[in-house]
Structure formats: C-alpha cells, structure tokens
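The structure appears right after this line, and notes come after that.
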Amino acid sequence: MANSIVTNSAALAAVRTLSGIGKDLAMTQGRIESGLKIGKASDDPAVFAIALGILGDMSGLQAVRDGFGFAKAVVGTASAGAKQVGEELTKLRATVTQGQQQGLDATQIQNQIDAALANITSYVTNADFNGVNLLDASTNLTVVTHISGSN
C-alpha cells in the first residue's frame, strides 16, 4: 500500500507569509530602537555611514546649543549687574548734585559717595557666572558657533 500525506497548500502559504511578516517586523523594530532608517551597517552601508555622520553632527549641534545657553546666562548676569550699576550711578549723581548745596555736611555726602562707589565695585565683582565676568573686563566670552568647534 502506498502512503499518502495530504498537505494543505493554503496553510503552507500562510506560514511562509507569517514568517516574512515576522522578519519584517523584527527589522522595523530594530530601526525604531536605533532611531535610524537602518538598524545595522549590513542593511545599507552607505546609508549607515551617512546616518552616523548625521548623529555626530547632531551631537555637535547640541554642544553649540549648550554653549549658547551658557552665553545667554553669562550675558543675563552681566546685564543684571550693569542695571544695578546704572541705578547706583543715578543715585551717585543725585548725591553729588545735592553735595553742591551749601550748608550740608560734606563728610556725610562723602560717606554716601564712598558707599555708592563700594556698591558699584561690589556689583561689578559679583556679576560673575561660572568664572566669566563681562563687567570687570578680566575675561572674554568665547562661544562655539559651529559644529566644527569654530567661533
């Protein structure tokens, strides 16, 4: 007697299709996890090399962004210090003008002037952000503006 195995060709086609879908799903999941169009260099070496270059550029741009954030903080600190100095100079001008009047105690006026000058010195000295002080002219602010590291 002859032995016969009955096969279901539709079921075999479905298994093959399901297997292909599983491979495609795994490849798509790899792309999603890596954030790249391709998951590994063997998918497409040229595109992978370009993707790595772009990732490097993105890191460089993040560093530039961080540099701009630092510069913004330095300039903000200097601006606040300059505003305080300006306010103190306005008070100093009023004190000097008032000191021109006769009959006022010159020692008292001089004490007010000395206090104002001390305040100005303090504001300038304290307008420091992470070692950079734009008001005392002791440091310059250099900001990287390009991913190559140039200014």
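The values are calculated or read from the model by the stated rules, or taken from the named source; none is laboratory data. The structure presented is a predicted model; accordingly, all values stated were derived computationally and were not measured. Cβ coordinates were reconstructed from backbone atoms using ideal geometry, including for glycine residues, and neighbour counts include every protein chain displayed. Side chains included, ligands, DNA and RNA excluded: accessible areas come from the protein's heavy atoms. Shrake-Rupley method; radii C 1.70, N 1.55, O 1.52, S 1.80 Å.
Would it be correct to say that Leu52 is at pLDDT below 80, closer than 29 Å to Val144 by Cβ, open to solvent by 80 Å² or more (accessible area, probe 1.4 Å) and out of contact with any strand residue (DSSP E or B) (no Cβ under 6 Å at 6 or more places or on another chain)? So Leu52 passes the test.
For the range 106-127, the set of residues classified as open to solvent by less than 80 Å² (accessible area, probe 1.4 Å), β-branched (Val, Ile, Thr) and over 31 Å from the mean Cα position of the chain (by Cα) consists of Ile109, Ile113, Ile120, listed by residue number.
Looking across Asn111, Asn119, Asn130, one residue alone is modelled with pLDDT of 85 or more and at positive phi. It is Asn130.
Only one entry of Gly103, Gly86 meets the criterion of being open to solvent by 80 Å² or more (accessible area, probe 1.4 Å), out of contact with any Cys (no Cβ under 6 Å at 6 or more places or on another chain) and free of Cβ contacts under 8 Å to residues at least 60 places away in the same chain, and that entry is Gly103. Selection of the range 28-42 for residues being open to solvent by 60 Å² or more (accessible area, probe 1.4 Å) and modelled with pLDDT under 70 yields Arg31, Ile32, Glu33, Gly35, Lys37, Lys40, Ser42.
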